[in-house]
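To start, the structure itself, in structure tokens.
The values are calculated or read from the model by the stated rules, or taken from the named source; none is laboratory data. Computed from a predicted structure; not experimentally measured. We place every Cβ from the backbone using ideal geometry, glycine too, and count neighbours over all the protein chains shown. Side chains are part of the model used for accessible areas, which takes the heavy atoms of the whole protein and leaves out ligands, DNA and RNA. Shrake-Rupley method; radii C 1.70, N 1.55, O 1.52, S 1.80 Å.
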Amino acid sequence: MPVNLKGRSFITLKDFTTEEIRYMLNLSKDLKAKKRTGSKEKVLEGKNIVLLFEKSSTRTRCAFEVAAYDEGANVTFLTNSQMGKKESIEDTAKVLGRYYDGIEFRGFKQETVESLAAHSGVPVWNGLTDLYHPTQILADFLTVMEHVDKPLNKVKFVYVGDARNNMGNSLMIGAAKMGMHFVALAPKSLFPSEKLVAEMREVAKETGGIIELTENIDDVKDADVIYTDVWVSMGEEDQFEERIKLLSPYQVNMEMMKKTNNADALFMHCLPAFHDQNTVVGREIKEKFGLDSMEVTDEVFRSKHSVVFDEAENRMHTIKAVMVATL
């Protein structure tokens with residue numbers, strides 16, 4: 001049966017079947033190839049989209065804007081709306097739905113993006129919330145497809161670090177949907193929620209996937225992908241010292257990459273990454289805690305294993321696919 005996502009919102013990958021996710025990934029490949037050959041079709045010409053941002057951004061804003069412009073859409077970038085201050089989320093959604101064909105939201109509460117989807121009457125896309133980051137997962141999986149010579153359902157994917165943040169949650173959901181062997185490698189206190197793990201293990205029973213939780217670094221053996229994220233998410237900056245103590249043993253370094261026993265293992269990161277002192281935060285971490293890097297060493301970040309910039313580029317192609325498919 002052909003896949004038709006027109007009019008659908010993109011809030012979490014839990015809402016999509018394996019076939020629908022595969023469709024979006026294949027559409028991403030097609031749109032990426034067309035951009036490279038200059039044969040874009042402007043399929044969103046005449047469409048208007050609004051980007052609602054509560055959190056600062058590099059990749060999400062730029063990926064949505066370039067993707068929209070490539071396909072002929074008009075974009076409004078909105079950070080100073082009255083949503084939630086002088087006007088309710090529901091009322092804002094109803095207004096924006098009269099103006100725009102699609103709404104992107106990047107912010108804090110998952111309830112906000114769900115409310116926008118419930119009341120706007122147009123497709124709403126989750127650019128990131130505290131719980132989920134689904135557009136990033138499509139970019140990650142497209143990158144794996146491009147670099148690993150096996151189908152996704154044969155891939156062992158290890159996520160290292162804070163496994164109960166939006167990236168840990170979303171990667172586990174995506175992996176379960178695609179039948180992958182997913183390993184959350186983290187201190188037990190940072191395992192994903194038992195409820196979500198149980199839910200995804202049920203999904204994995206249908207897709208042939210495996211969901212594994214472990215504190216043992218040696219469990220990276222035979223991994224095709226080692227993935228990490230920042231140790232402290234936006235809004236948690238007061239927890240740096242605690243997280244450093246907890247997560248230092250889980251830093252992705254060359255020793256960990258060697259433990260995969262896979263010379264072709266990929267290193268992935270959604271960015272930004274604290275791998276050196278070329279940022280204000282990196283220098284502050286060095287001064288306060290004496291660390292040259294945090295979640296990943298500069299050696300790994302710049303190594304042959306690293307595909308982080310292919311991954312960053314693929315945000316644009318996969319976001320374009322989501323907009324094209326749903327509009």
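How high is the relative contact order of region 1-121? Use alpha-carbon pairs under 8 Å, at least six apart in sequence, and give a whole percent.
So the answer I get is 27 percent.
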TODO: Provide the per-residue ³J(HN,Hα) series for region 22-39, in order, calculated from phi with Karplus coefficients 6.51, -1.76, 1.60 and θ = phi - 60°, each as a whole number of Hz, with x at glycine and proline positions.
DONE: 4, 4, 5, 5, 5, 5, 4, 4, 5, 5, 5, 4, 5, 5, 5, 9, x, 9
Task: Degrees, to the nearest 10: 89-99 long Cα axis against longest axis of the chain - done: 60
Open item on the list: Only four residue types carry charge here, +1 at the Cβ of Lys and Arg and -1 at the Cβ of Asp and Glu. Report the dipole size of the chain about the Cα centre in Debye, rounded to the nearest 20.
Closed with: 860
TODO: Hey, can you grab everything whose amide H is under 5 Å from the amide H of residue 213? Only 5+ residues off in sequence or another chain; H modelled, so Pro and N-termini drop out.
DONE: 184
TODO: Taking amide H positions as placed in the peptide plane 1.01 Å from N, state which residues far from residue 252 in sequence (5 or more) or on other chains have amide H under 5 Å from it.
DONE: 296, 297
TODO: Return one quarter of the surface area of the convex hull spanned by the alpha-carbon atoms of region 204-327, equal to its mean projected area, in nm².
DONE: 10.2
Open item on the list: Check which residues have an amide H placed less than 5 Å from residue 77's amide H, if you skip close sequence neighbours.
Closed with: 51
Task: Angle in degrees between helix 166-177 and the longest Cα principal axis of the chain, rounded to the nearest 10 - done: 80
Open item on the list: Explain nothing, just compute: Karplus ³J(HN,Hα) = 6.51 cos²θ - 1.76 cosθ + 1.60, θ = phi - 60°, for every residue of region 107-121 in order, whole Hz, x for Gly and Pro.
Closed with: x, 9, 7, 4, 4, 5, 5, 5, 5, 4, 5, 6, 10, 7, x
Open item on the list: Explain nothing, just the number: dipole magnitude of region 59-126 about its Cα centre with +1 on each Lys and Arg Cβ and -1 on each Asp and Glu Cβ, in debye rounded to the nearest 20.
Closed with: 260
Open item on the list: Tell me the relative contact order for the chain as a rounded percent, counting alpha carbon contacts under 8 Å between residues six or more apart.
Closed with: 20
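Over region 110-202, what is the relative contact order in percent, taking alpha-carbon pairs closer than 8 angstrom and at least six residues apart?
24
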Task: ³J(HN,Hα) computed for each position of region 156-161 - Karplus, 6.51 cos²θ - 1.76 cosθ + 1.60, integer Hz, glycine/proline x - done: 9, 10, 10, 9, 10, x
Task: 101, 224, reordered so the largest accessible area comes first (probe 1.4 Å) - done: 101, 224
Open item on the list: Among 44, 58, 16, whose Cα projects farthest towards the positive end of the dipole of region 2-79, with charges put on the beta-carbon of Lys, Arg (+1) and Asp, Glu (-1)?
Closed with: 58
- [ ] Go through 269, 305, 181, 147 and list them by solvent-accessible area, largest first, probe radius 1.4 Å.
- [x] 147, 181, 305, 269
Open item on the list: Taking only Cα atoms of region 1-124, what ratio of Rg to Rh do you get with Rh as the Kirkwood inverse-distance radius?
Closed with: 0.97
- [ ] Find the percent of Cα-Cα distances in region 102-212 that exceed 16 Å, and round it to a whole number.
- [x] 61
Open item on the list: Given Cα positions, please report Rg to Rh for the chain, the hydrodynamic radius being the Kirkwood one.
Closed with: 0.96
Open item on the list: Less than 30 Å apart at the alpha-carbon level, and either on another chain or at least 8 residues along: which lysines does that give for residue 245?
Closed with: 55, 109, 156, 188, 195, 221, 258, 259, 286, 288, 304
Open item on the list: Need one word for region 74-150: rounded, prolate or oblate. Basis is the Cα gyration tensor (sqrt eigenvalues a ≥ b ≥ c); a/c below 1.5 gives rounded, then a/b vs b/c decides.
Closed with: prolate
